[in-house]
Protein chains: 2
Amino acid sequence: MYSNKDKAKEMKDLGCFSEVKQCPTRYVLAVNDTLNVISGKWKLSIIASLIHGKKRFKELERSIEGITPRMLSKELKELEINGVVKRLVHNTRPVLIEYELTESGYRLTDVIDAMIQWGLAHRQAYMSE
Amino acid sequence: MYSNKDKAKEMKDLGCFSEVKQCPTRYVLAVNDTLNVISGKWKLSIIASLIHGKKRFKELERSIEGITPRMLSKELKELEINGVVKRLVHNTRPVLIEYELTESGYRLTDVIDAMIQWGLAHRQAYMSE
DNA sequence: AATATCGATATACAAATGTATAGCAACAAA
DNA sequence: TTTGTTGCTATACATTTGTATATCGATATT
């Protein structure tokens with residue numbers, strides 16, 4: 001399937017991950033940051049739900065099937081702390097609260113797209129074994 | 001920082017994630033596959049350690065600081081089941097066992113590179129708030 | 001014959017993560 | 001005035017994930 005020579009050849013063309021030995025800590029920290037941000041049962045669902053625009057708490061709760069308010073609250077808080085989601089408190093009566101992706105949050109689509117691509121290719125490879 | 005118009009404009013240029021409403025299940029499954037494969041405290045360390053070639057159990061154990069044989073065994077098993085790692089049993093006396101990334105496993109570098117890029121950019125954005 | 005290495009597994013426990021269910025203060029609508 | 005919505009929080013529990021430590025059979029080394 002794959003010779004060791006092919007692998008060695010390919011390594012040269014890979015991105016920065018292959019250089020992990022040259023510049024470890026910065027990259028390892030970066031990967032872990034990303035993994036921490038998207039790990040959690042509901043994180044990606046929340047991000048996906050906010051991709052198309054601001055949403056209120058109850059809107060999110062309704063749009064994400066099966067989530068409990070406790071988990072929604074908890075995950076939103078983590079996403080906010082991690083700088084992926086912004087919590088907007090409107091100065092109205094009663095107060096209206098909206099959640100929105102930050103610029104960084106939007107950029108996560110790059111990671112998610114890579115994950116989709118890998119996932120699709122892997123399913124094919126995996127199934128046709 | 002970001003207007004809604006800018007966002008709308010950008011959405012058109014995004015990858016498939018932005019089309020999640022058009023083709024949900026396939027993509028959602030693909031993302032979850034990927035997340036499941038890389039989630040776990042030691043998975044990425046193991047993959048990183050195997051990127052430069054085959055390794056034996058004890059070699060991995062030594063190269064990954066802090067891992068216990070139990071976790072190494074468990075995570076390797078999961079990676080194997082998920083088609084990311086191959087377990088090679090050599091027909092020698094005594095048996096020599098090596099672990100190696102599959103083709104899919106190697107391709108994970110695309111995802112990991114995206115994670116590194118996002119992580120680095122996010123650190124910058126996050127710090128300079 | 002005693003000791004070490006390989007490739008793990010067994011048992012017990014601790015911590016993190018997620019679920020289920022109920023409730024609550026502030027307002028608004030009927 | 002009762003009923004409903006919003007945006008949560010509290011409590012209790014179950015499940016998953018990870019740690020610590022010891023051990024084991026097969027083989028090699030001294």
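The values are calculated or read from the model by the stated rules, or taken from the named source; none is laboratory data. Here the structure is a predicted model, which means the values were calculated and not measured. All Cβ positions, even for glycine, are placed from backbone atoms using ideal geometry, and neighbour counts span all protein chains on display.
Structure data summary
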read-out	value
Boolean, residue A:28 is more than 9 Å from chain B (Cβ to nearest Cβ), surrounded by 13 or more Cβ atoms within 10 Å (Cβ to Cβ) and either more than 21 Å from residue B:44 (Cα to Cα) or at pLDDT below 95 (or both)	no
Flag if residue B:96 is within 12 Å of DNA strand C (Cβ to nearest atom), more than 17 Å from the chain's Cα centre (by Cα) and within 14 Å of another protein chain (Cβ to nearest Cβ)	no
Qualifying residue in the range B:81-89 (condition: assigned to a helix (DSSP H, G or I) and within 15 Å of DNA strand D (Cβ to nearest atom))	yes
Test result for residue A:101, crowded, with 19+ Cβ neighbours inside 10 Å, within 13 Å of residue A:51 (Cα to Cα) and more than 8 Å from every other protein chain (Cβ to nearest Cβ)	yes
Identity of the residue in the range A:38-50, assigned to a helix (DSSP H, G or I) and within 8 Å of chain B (Cβ to nearest Cβ), that ends up farthest from the chain's Cα centre (by Cα)	A:48
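Conditions (1) outside the structural domain of residue B:129 (by TED's automatic domain parsing); (2) outside any loop (DSSP other than H, G, I, E, B); (3) modelled with pLDDT of 95 or more; (4) not charged (D, E, K, R), marked per residue:
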| residue | (1), (2), (3), (4) |
| --- | --- |
| B:2 | yes, no, no, yes |
| B:8 | yes, yes, no, yes |
| B:12 | yes, yes, no, no |
| B:17 | yes, yes, no, yes |
| B:21 | yes, no, no, no |
| B:98 | no, yes, yes, no |
| B:105 | no, yes, yes, yes |
